[in-house]
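Only one structure is covered here, and it is reproduced in the block below.
The values are calculated or read from the model by the stated rules, or taken from the named source; none is laboratory data. Note that the structure is predicted; figures quoted are calculated from it, not measured. Areas reflect the complete protein model, heavy atoms only, side chains present, ligands, DNA and RNA absent. Shrake-Rupley method; radii C 1.70, N 1.55, O 1.52, S 1.80 Å.
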Amino acid sequence: MTGRELMREAERARRRAYAPYSTFPVGAALLLRNGRVIPGCNVENASYGLSVCAERNAVWKAVSEGELEFAAIAVTAREGHGAPPCGSCRQVLHEFAPRILVYWRNARGRIVKGRLTALLAKPCDLKRRTTR
Ligand SMILES: [Zn+2]
């Protein structure tokens, strides 16, 4: 699956976003190593701190279904808004796939990509006990 195809899945997921407070719908599509795609959208709550990003929504869904092998993730927001994953989502992705390939749209609408290793310089990593 290409980055463009994965982004199309993220855009489809964005249409299901529940974002009445921010009015900033975000969609994500998590590509598993087995080829399956898990969609996610942001889900907000009147108690703002309970809201969750699209990326973490997709990760929770995958893990709850026993899927732990992630290959790539695409994230998209409204046209004209860049949507790289936030710091919290980067840390959550690192837990399962430290080298995952991340696609997002920049503010001009172009698809850009990067490895999580480049997006999250100093992750909290208790499993690997690295000295980063
Ligand atoms: Zn996030």
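Starting from 0.36 nm per residue, how many nanometres of slack lie between E65 and R110 once their C-alpha separation is accounted for?
Numbers: separation 45, 0.36 × 45 = 16.20 nm, distance 3.18 nm.
Computed gain between E65 and R110 is 13.0 nm.
Per residue, how much accessible surface does the stretch 9-132 expose to a 1.4 Å probe? Answer in Å², no decimals.
56 Å²
For the chain, which whole-number percentage of the solvent-accessible area (1.4 Å probe, protein heavy atoms only) is attributable to carbon and sulfur atoms?
Working: 3750 of 7480 Å².
Heavy-atom surface of the chain belonging to carbon and sulfur, 1.4 Å probe: 50 percent.
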